[in-house]
Structure formats: structure tokens, C-alpha cells
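Enquirer: I am attaching a structure below and will ask some questions about it afterwards.
The values are calculated or read from the model by the stated rules, or taken from the named source; none is laboratory data. The shown structure was predicted, so the numbers you read here are calculated from the model rather than taken from an experiment. Backbone-built Cβ (ideal geometry, glycine too); neighbour counts: all protein chains shown. Remember, those area values only see protein heavy atoms, side chains included, never the ligands or the DNA or RNA. Shrake-Rupley method; radii C 1.70, N 1.55, O 1.52, S 1.80 Å.
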Amino acid sequence: MVDFVVNVSWNSPADFNEWNALAETNSNFFQSSYYDSIQNYFKNKPVYFELKQKGKLIAGVKLLFWESNKLGFFTRAISKSLLQHGEIIYDSNLIDSSSLQLCLIELKNAVHKFIIENRIVQYTVQGVYGQDELLLSIKEKIVFEFEFNSGFVDMDNKSAEQLIEGFNRNTKRNLKKTNESQLVFSELNDSKVFNDTMEIIFSQQFPPKPPPYRNYVNSYFTNLEDKKVLSVHQVKFGDNVLAISLFVKNGKTAYSLFGGSIKNEIGAGHYLYYNLMKLFIKEGITKFYFGQVSRELDSGNKKFTQGISGFKRGFGITELRSFKKIFITNKFKYRLWKMMLKIQELKNRK
């Protein structure tokens with residue numbers, strides 16, 4: 001393949017419909033423009049890198065730009081960061097494995113040029129769906145690296161009954177408990193109920209942890225409710241909400257962002273996710289992503305490496321290796337920015 005052209009644009013792609021159609025073909029919500037409205041909460045600005053051939057979009061990546069305006073030009077200069085959140089998207093009908101490598105090179109070169117021209121200090125790349133070959137790492141020094149697995153249930157051409165065969169003994173046992181428990185699975189459209197339940201769930205952790213910011217969670221409800229990509233559900237016992245979940249959908253993929261269950265002895269959490277799987281099968285979803293799963297035991301974070309990851313593995317997930325890496329392109333500015341954050345942190349403690 002020849003005659004590649006990479007067009008770079010701030011805030012929006014050249015054609016929203018064309019870009020989002022490609023994102024849907026790749027089942028990649030996080031690279032769609034729908035995610036931009038959510039990232040506004042963090043004041044992240046999208047930058048679109050569109051790889052075209054003969055005027056047709058064949059591949060691309062969206063990066064998120066951020067800078068601090070607290071002290072004007074000074075903090076902007078030392079804080080500029082760029083994030084690739086989610087794998088690149090491409091047209092598999094036009095790009096084979098060999099030409100895909102050429103596309104990745106073109107996109108990586110365009111990103112590197114952008115980093116230099118815009119004096120980016122920190123560049124982060126983070127996988128979502130476990131396709132780490134579609135992440136654009138750069139050669140600069142890595143200051144942080146976190147490796148994890150992306151865990152999903154493969155529901156392609158499977159019935160709900162066939163899925164159960166892949167569950168482990170504990171998950172099957174908890175689902176049996178729900179047969180006579182009178183639990184009710186339903187859609188949840190109330191962000192207040194969702195946030196209130198999240199607060200209870202996080203308060204029951206040991207040690208207790210703060211839940212996700214309410215306004216951030218609310219942004220999903222307000223920005224995505226008419227996009228047909230949001231899926232929020234609950235499980236109730238009588239008048240009490242015992243388990244909740246918030247998923248985003250795109251193409252053939254559903255991805256879990258928030259959720260959990262209040263402590264109970266009747267398997268409400270297992271009941272919630274099994275019913276979600278049955279619902280998504282009817283909607284044509286073939287991959288049910290639980291999100292991050294630990295690669296190994298961490299005695300300092302057993303809640304993630306044993307508790308949450310163990311719960312997810314109980315559903316017979318497939319695990320793909322992925323990572324988060326932070327690269328530094330200007331050590332002096334990076335250290336200066338970190339120093340300022342540290343000073344601010346100490347002031348806030350007083």
C-alpha cells in the first residue's frame with residue numbers, strides 16, 4: 001500500500017459518521033467520538049490522527065491532550081500530556097497483516113511529530129481490549145509501567161446455557177442460590193440510585209475506599225443516554241438494590257466500567273452479570289469485557305488480584321495481555337511539574 005496521508009485535527013474528526021462507523025466496525029467505544037464528551041469532565045481534548053488512502057479513511061487513532069492552566073503559560077509548558085486510551089482502529093477489509101504494520105508506522109511517526117511540535121512532556125499509552133500490538137509506544141524513557149490482562153467472556157455463537165458450562169464451581173453454586181431468591185434484574189435509569197449504591201459498595205471494602213466521582217458517573221448518563229451505547233442495570237431484592245453495573249457498548253463488544261454488589265448471601269452479583277450476558281447475546285454482542293484482571297498475586301492489593309479478579313475469572317474469561325506505559329519526553333519539565341504537584345499536596349494537608 002502506498003500514498004498514505006495522515007491528517008491531524010483537534011476536537012473532531014473530518015467526518016463524525018465515517019470515524020464512528022470505523023470505531024463500531026472495530027467494536028471500540030473508547031476510540032469513538034462518543035467518549036469525547038465523557039473526557040470533557042477531565043478537560044481532555046481529543047486529537048484525531050486519520051490515516052487515509054485516496055481520500056478514504058482506512059485507519060486512525062484518537063489521543064487525549066491535557067494541560068494545566070492554573071498558572072497560565074508556565075504550568076501549560078511543564079504539564080502538557082498526551083494519552084492513547086484504547087487501540088487504534090482500522091478497516092480490516094482493506095488492510096491485511098503486512099500493510100497493518102505500515103499503517104502503524106505511519107501513525108506512530110505522525111504521533112511522534114505531534115509530540116515534538118507541541119512540546120508534549122508526558123505520553124501515556126493504555127490498552128483496553130488486550131490488543132497491545134495496536135498501541136503506539138515511543139522510544140523515550142518509561143517512568144511507569146503497569147501490566148495487566150484484559151478479561152472477556154467469548155459469547156460468539158453460544159447460548160446462555162452453554163456459557164454456564166464455562167463457569168467455575170463457585171459461580172455455578174452462587175447462581176443456583178438465586179433460583180429461589182426472588183431477585184429481579186432490570187434496567188436502571190436513575191444516576192442518583194446508581195451513585196448511592198456505589199457509595200455503599202465502596203464503604204464495605206476493607207479498608208473503605210472513595211467511590212468514583214458522582215459528577216463523572218453522571219456524565220455517562222447525561223452524555224450517552226441517547227447514543228444507544230450505554231447499558232445500566234440493577235438487581236433488586238424487594239425494594240433493596242443489591243447489585244449494579246454500567247457498561248458501554250459498541251459493535252460486538254460490551255465493556256464494564258462501574259459496578260459491584262452490596263454484601264449479600266444470595267449471589268446477587270453473579271445473578272446480575274449472568275443476566276447481562278443473556279441480554280447482550282440477544283443484542284448481538286459477542287464479547288463481554290469485565291475489564292482489567294491481575295496477572296499475578298499482589299499481597300498489597302488483594303482486593304484486585306484475588307477478590308475482583310477471582311470473581312471475574314469465575315465466569316470463564318479469556319485473558320489477553322495488555323499494559324499501561326508512561327513515557328517522558330522532557331525530564332526537566334516533568335520533574336518540575338511533579339515538584340509543583342507535591343508542593344500543592346503538602347499545602348492541601350495543612
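Enquirer: Are there any pairs with C-beta distances below 6 angstrom linking a residue in region 85-105 that is at positive phi to a residue that is assigned to a helix (DSSP H, G or I) and at pLDDT 90 or above, with the two at least 6 apart or on different chains, and if so which?
Expert: Short answer, once both residue conditions are applied: G86/F30; G86/Q31.
Enquirer: Could you tell me which of the residues K278, K252 is out of contact with any strand residue (DSSP E or B) (no Cβ under 8 Å at 6 or more places or on another chain) and under 30 Å from E165 (Cα atoms)?
Expert: Criteria check complete, one pass: K278.
Enquirer: In region 205-234, what count of residues is obtained for those that are polar (S, T, N, Q), over 17 Å from the mean Cα position of the chain (by Cα) and part of a helix (DSSP H, G or I)? Show your work before the answer.
Expert: If we filter region 205-234 for residues that are polar (S, T, N, Q), which is where we start, we get 205, 215, 218-219, 222-223, 231, 234.
If we keep only those that are over 17 Å from the mean Cα position of the chain (by Cα) too, we end up with 205, 215, 222, 234.
Retained after the next criterion (residues that are part of a helix (DSSP H, G or I)): 215, 222.
Residues in region 205-234 being polar (S, T, N, Q), over 17 Å from the mean Cα position of the chain (by Cα) and part of a helix (DSSP H, G or I): 2 in total.
Enquirer: On the basis of being open to solvent by 20 Å² or more (accessible area, probe 1.4 Å), assigned to a strand (DSSP E or B), over 21 Å from K192 (Cβ atoms) and at pLDDT 95 or above, does K249 make the cut? It would help to see each step written out before you state the result.
Expert: Details: open to solvent by 20 Å² or more (accessible area, probe 1.4 Å): yes; assigned to a strand (DSSP E or B): yes; over 21 Å from K192 (Cβ atoms): yes; at pLDDT 95 or above: yes.
For K249, the condition - open to solvent by 20 Å² or more (accessible area, probe 1.4 Å), assigned to a strand (DSSP E or B), over 21 Å from K192 (Cβ atoms) and at pLDDT 95 or above - is met.
Enquirer: Kindly indicate whether any position in region 181-203 is open to solvent by 50 Å² or more (accessible area, probe 1.4 Å) and under 30 Å from S98 (Cβ atoms).
Expert: Taking every residue of region 181-203 in turn, none turns out to be open to solvent by 50 Å² or more (accessible area, probe 1.4 Å) and under 30 Å from S98 (Cβ atoms).
Enquirer: Mind counting the residues in region 308-343 that are more than 28 Å from G267 (Cβ to Cβ) and either assigned to a helix (DSSP H, G or I) or of a type in the set (G, A, S) (or both)? Let's see the steps before the verdict.
Expert: Step one: of region 308-343, the residues more than 28 Å from G267 (Cβ to Cβ) are 321-343.
From what's left, either assigned to a helix (DSSP H, G or I) or of a type in the set (G, A, S) (or both): 322, 331-343.
Here the count works out to 14.
Enquirer: Taking region 184-233 on its own, how many of its residues are on the phi < 0 side of the Ramachandran plot, at pLDDT below 95 and basic (K, R)?
Expert: The qualifying residues number 2.
Enquirer: Kindly provide the set of residues from region 142-167 that are among the aromatic types (F, W, Y) and exposed (fewer than 13 other Cβ atoms within 10 Å of the Cβ), ordered by number.
Expert: Start the filter on region 142-167 by keeping residues that are among the aromatic types (F, W, Y), which leaves 144, 146, 148, 152, 167.
The answer is F144, F146.
Enquirer: Continuing with this model, one more query. For region 213-236, how many residues are surrounded by 15 or more Cβ atoms within 10 Å (Cβ to Cβ) and either without any contact (Cβ under 8 Å) to a residue 40 or more places away in the chain or not basic (K, R) (or both)? Give the steps one after another, and end with the answer.
Expert: As a first pass, look at region 213-236 and keep what is surrounded by 15 or more Cβ atoms within 10 Å (Cβ to Cβ): 214, 217-221, 223-224, 227, 229-236.
Narrowing the set further to residues that are either without any contact (Cβ under 8 Å) to a residue 40 or more places away in the chain or not basic (K, R) (or both) leaves 214, 217-221, 223-224, 229-235.
Summing the residues that are surrounded by 15 or more Cβ atoms within 10 Å (Cβ to Cβ) and either without any contact (Cβ under 8 Å) to a residue 40 or more places away in the chain or not basic (K, R) (or both) in region 213-236 gives 15.
Enquirer: Restricting region 168-180 to residues that are part of a helix (DSSP H, G or I) and open to solvent by 30 Å² or more (accessible area, probe 1.4 Å), which is nearest to G307 (Cα to Cα)? Full working, then the answer.
Expert: Taking region 168-180 first, the residues part of a helix (DSSP H, G or I) are 169-180.
Then keep just the ones that are open to solvent by 30 Å² or more (accessible area, probe 1.4 Å); that gives 169-170, 172-173, 176-177, 179-180.
On the way: R169: 16, N170: 13, K172: 17, R173: 17, K176: 21, K177: 20, N179: 24, E180: 26 Å.
In this case the residue turns out to be N170.
Enquirer: Would you check which residues across region 262-294 are assigned to a strand (DSSP E or B) and open to solvent by less than 50 Å² (accessible area, probe 1.4 Å) and list them? So that I can check it myself, show each step before the final result.
Expert: Looking only at region 262-294, we keep the residues that are assigned to a strand (DSSP E or B), and these are 287-293.
Correct list: F288, Y289, F290, G291, V293.
Every residue, every condition in (1) of a type outside the set (G, A, S); (2) touching a residue at least 12 places away in the same chain (Cβ under 8 Å); (3) over 22 Å from T286 (Cα atoms), yes or no:
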| position | (1), (2), (3) |
| --- | --- |
| T124 | yes, yes, yes |
| Y129 | yes, yes, no |
| L135 | yes, yes, yes |
| E140 | yes, yes, yes |
| E145 | yes, yes, yes |
| K158 | yes, yes, no |
| R169 | yes, no, yes |
| K172 | yes, no, no |
| S181 | no, yes, yes |
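Enquirer: Taking region 140-167 as the region of interest, how many residues are of a type in the set (A, V, I, L, M, F, W, C) and in a strand (DSSP E or B)?
Expert: Step one: filter region 140-167 for residues of a type in the set (A, V, I, L, M, F, W, C), giving 142-144, 146, 148, 152-153, 155, 160, 163-164, 167.
From what is left, the residues that are in a strand (DSSP E or B) are 142-144, 146, 148, 152-153.
Here the count works out to 7.
Enquirer: Go through region 3-28 and give me each residue that's β-branched (V, I, T), touching a helix residue (DSSP H, G or I) at 6+ places or on another chain (Cβ under 9 Å) and either open to solvent by 80 Å² or more (accessible area, probe 1.4 Å) or over 23 Å from N118 (Cβ atoms) (or both).
Expert: Passing the criteria: none in range.
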